Ligand SMILES: C[S@@+](CC[C@H](N)C(=O)[O-])C[C@H]1O[C@@H](n2cnc3c(N)ncnc32)[C@H](O)[C@@H]1O
């Protein structure tokens, strides 16, 4: 079976994200938050960093301003165009790659850090694990993967209550349209925190921390073990 016609079509997400590109262009303190996260992750000049699902490029730009060599990767050309403008305006040298979690080009063991924020939920679970395995292969031994996404923190029988809490919180506090909340639930692939943790450790990562501090919100810090270290 040579044809890869069974492969997941990542580009089916492009239309939706083009529509929301303007929303992501308006975040205000996202540069400060990104800088804080990158500082916590210990980014140093010369580090090779990839941001997969980089959106409007805030995180990628901040990493480049800290002296890292940055690959800003996104499946949506509209998002990458925003990222290029954002980085250029701040004189941050980022390298963009129009590709997805399942198709980005990489040299094995080459990155010091990979970040991916609010992107993995675009893939069904099988493909999430495939993407995680690719990220694992792309990292140097001892390097980190910083992952944030919308995940369910309850057990399945509590999910309806969680979804309603999350929807109310986003509509009231973050000016989300009801439609975007509905679309997320109906058409995207957020999964349970415990499924995420199991997939991440199954592909070989050491789970350094998993933080579920807001409804349907998971932040994970993973390490690729060095040879001889236990996962
Ligand atoms: C919700 S936005 C998050 C953007 C940015 N990381 C942030 O936190 O502001 C999701 C991004 O993932 C991109 N995306 C969707 N599916 C993808 C895939 N399979 N591979 C890489 N990027 C993808 C979208 O184009 C969009 O830019």
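Remarks
- Going from the fewest other Cβ atoms within 10 Å to the most, the residues 168, 162, 179 appear in the order 179, 168, 162.
- Fully extended contour minus Cα-Cα distance, from residue 208 to residue 89, at 0.36 nm per residue: 39.3 nm
- Estimated Rh, region 98-151: Kirkwood, alpha-carbon pairs, angstrom: 11.5 Å
- Pairwise FRET efficiency - residue 226 versus residue 180, Cβ, R0 = 30 Å, nearest 0.05: 0.15
- For a label point 7 Å along the Cα-to-beta-carbon line of residue 98, residues of region 64-80 with backbone N under 15 Å: 72-80
- Across the chain, the mean sequence separation of Cα contacts (distance under 8 Å, 6 or more residues apart), normalised by length, yields a relative contact order of 17 percent.
- DSSP-defined beta bridges in the chain - what % are antiparallel, rounded to 5: 40 percent
- Sequence-separation-based contact order of region 98-176, relative, with Cα cut under 8 Å and 6+ spacing, percent: 33 percent
- The packing ranking of peptides 54-66, 112-124, highest mean first, is 54-66, 112-124, where packing means the average number of other beta carbon atoms within 10 angstrom of each residue.
- The convex hull around the C-alpha trace of region 102-231, projected and averaged over every direction, spans 8.2 square nanometres.
- Separation of alpha-carbon centers, region 24-84 and region 151-220, rounded to whole Å: 22 Å
- Its residue count N sets the reference 2.2 N^0.38 Å, and the alpha-carbon radius of gyration of the chain equals 0.98 times that reference.
- The length gained on full extension between residue 44 and residue 157, counted as 0.36 nm times the residue separation minus their Cα-Cα distance, comes to 36.3 nm.
- Sequence-separation-based contact order of region 107-231, relative, with Cα cut under 8 Å and 6+ spacing, percent: 34 percent
All of the numbers you see were taken from the coordinates with simple rules; none came from a lab. Note that the structure is a prediction, hence the values are computed from the model and not measured. Using ideal geometry, Cβ is built from the backbone for each residue, glycine included, and neighbour counts are taken over all protein chains shown.
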